[in-house]
Every structure is written in C-alpha cells, then in structure tokens.
Amino acid sequence: MWWVMLRVMSRHQVLLGFLFVSMVVPSGLAQKPSSFDKEDEGPISVVRDHARWVSPEAVVNDLRSKDETVRLAGFERLGLTDEQAYTNVWSQTSDSHLIGKVVLTPDQVRLTYAVLGEDATQQAILAVAVDAMQEMFVAIATPVQGGWERVATADCWCKYDLGGDALGEFVHVENLHEPMEPEPTRFQLVIRASGGGSGVYQQDEGHFVMHGGELRRVLSFTSRYRSCPPTGPTPTLCTIERRWFNPNPVNGRIGGVLVESYGKFPGDSQPAAFWAVRDLEIRKLQDIKCTSYWWDEQGFRYVPTKGLPAGKMCP
C-alpha cells in the first residue's frame with residue numbers, strides 16, 4: 001500500500017513502499033516555522049510556510065498565463081520549486097528520448113474564499129490540478145496589512161481519485177457547524193489524499209481551520225478503505241469501510257457525528273459497473289457505528305464526547 005505524505009523530498013520519490021510527494025518553498029520567499037508542524041504526522045500533512053502575495057487573483061492570472069516565465073512565477077507562489085514546476089518533453093520517435101522541459105500548464109484553477117478562522121476574515125483557498133502529472137496542489141492564504149500571505153500548502157499525487165470532480169475530491173470546504181446568526185458562517189477546509197496497490201485502496205481525510213495565524217488540523221480519519229485481493233483459486237472476499245463526518249449539534253452543543261460503516265462481499269461476482277462507479281460500494285455496507293464529537297473552542301478542535309449517544313444520527 002502507498003501512503004501519500006506531503007513532505008520536503010524529491011518529486012515522486014518512492015522509498016520502501018511509501019510514496020512521498022514534495023512541496024517545498026522556493027528560495028527567496030519569506031518563511032517561518034509553525035508550532036503546529038508536529039501534529040501533522042500521518043497520511044495527510046501540510047507544509048506551513050509564510051510567503052507574501054499581492055493577491056490570490058494575481059496568482060490565478062499568473063497560473064493561467066501563456067507565458068512560461070509568468071506561469072513559473074505563479075507555481076512558485078503556489079509553493080513549488082522550479083524543479084517541480086517543470087515537466088519533461090520526450091521525442092515522438094521509436095527511440096523516444098528526452099528533448100527538453102516545459103513549465104506545467106494547469107488543467108483546472110479553482111479559487112475559493114471562506115471564513116476558516118475565529119473572526120469574519122475570509123481566507124483564500126487556491127487549488128490547481130495538472131492532469132498530465134496526476135497531481136493536485138492547494139495553497140491557503142490570509143489577508144495581512146498591505147496584501148496577502150500564504151500560510152500553508154499541500155499537494156497530492158491522486159492517481160486513484162482521477163475522474164469526476166477530482167479536484168473537489170482533493171480539497172473543498174464544509175460548514176464547521178450550523179450557521180449561528182448574527183455570526184458569519186464558519187467553514188473547515190477538507191483535504192484528502194489516497195493511495196493503493198495490490199487490490200487495496202485507502203483515502204484519508206483531514207479537516208483544518210485557521211487559528212493563531214496558522215492552518216490547524218481539527219479532525220482526521222480514514223474516509224474510504226477497500227481491500228480486494230487479486231483473484232486466486234478461491235472466491236475473492238472484499239472488505240470495505242466508509243466514514244463521513246456530519247457537523248451537527250450534540251446534546252445542545254456545537255459538534256458533529258462521525259458515521260462509520262463496514263461490509264464484506266464477494267468481489268468475483270460484481271458487474272463492471274460496480275468497479276467503475278465508486279459510490280455503488282455503499283450498497284455493500286452493513287454495520288453502522290456512530291461517534292459523537294463536541295467542538296472544543298479552547299483547544300480549537302473536535303473532541304470525542306466519550307460515550308455520549310449520537311442522537312438521531314444512528315440507532
């Protein structure tokens with residue numbers, strides 16, 4: 001099985017069965033360490049560096065430019081090194097060989113504004129997909145005096161999630177809790193990463209908010225897991241796990257419920273549509289379990305309620 005980790009290493013470096021996807025800061029950009037870095041060990045991680053932007057819209061324009069030099073500057077502001085921002089060009093001959101390199105061209109550029117922190121300030125979430133490289137990138141920026149500051153970056157070699165809205169599967173925003181008038185609606189940033197191999201697929205999910213000027217993890221779990229060993233002399237028995245987090249009041253307090261479901265099924269007898277349409281696996285789920293969480297305002301994270309029933313969400 002491969003795990004996707006976002007650490008400072010060479011592009012697509014594979015070591016002892018682990019896939020590490022790099023996201024480093026180009027030279028010349030200001031950066032400072034974060035006190036939250038140690039809490040992000042695991043399948044999903046972010047790089048918390050700080051770099052000044054003129055505006056998110058300016059970075060979008062750079063990324064969409066036909067001029068390679070301008071586009072390269074956009075990728076650098078997104079957090080990529082020069083090495084990461086290029087792709088190799090091979091000759092179209094029978095003895096194909098390397099003939100040069102060009103700056104990546106985004107297939108999708110998606111800019112979202114949402115309140116991720118303690119006040120009404122809207123952060124910018126800039127997500128980019130490069131289909132040819134099977135990679136996606138995201139940068140989070142917040143307003144500062146005189147402009148904007150990038151505070152975190154993440155990327156994913158999401159080969160196993162291509163198709164459909166792959167960029168939305170990688171990163172999107174959800175309500176942190178039910179809207180409370182007259183306060184602005186607060187959101188959480190959801191980042192997913194996936195990996196697989198030899199009949200195994202796993203997707204992990206992390207939820208993040210802004211706190212103290214940093215992007216901080218408030219919840220993480222494995223959202224999808226499926227194991228279907230290759231067909232052998234006996235029928236293949238597949239196992240599946242799915243998890244969803246639903247922001248929802250718990251006993252009158254701001255919180256949410258983590259819904260978990262499990263199942264087993266014979267993989268050999270499934271039609272081709274079952275493997276092509278991922279959500280059909282939901283039909284094989286059997287057992288349901290729920291865990292309730294409260295929002296801890298002081299710790300600024302979700303915490304389990306230690307046995308409190310999940311209300312109407314689960315029996």
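Things worth noting here:
- Restricting segment 35-132 to GluC sites (Glu not before Pro) in coil, as DSSP defines it, with at most 11 other Cβ within 10 Å: E41
- Cα centroid separation, segment 221-294 to segment 110-141 (Å): 28 Å
- Cut-off under 5 Å, modelled amide H: who pairs with N248 long-range: G255, G256, V257
- Highest-first arrangement of 203-215, 161-173, where packing means the average Cβ count within 10 Å: 203-215, 161-173
A short reminder: the numbers here are calculations on the coordinates, not readings from a lab. A quick note: this is a predicted structure, and the numbers were derived from the prediction, not measured. Note: ideal-geometry Cβ built from the backbone for every residue, glycine included; neighbour counts use all protein chains shown.
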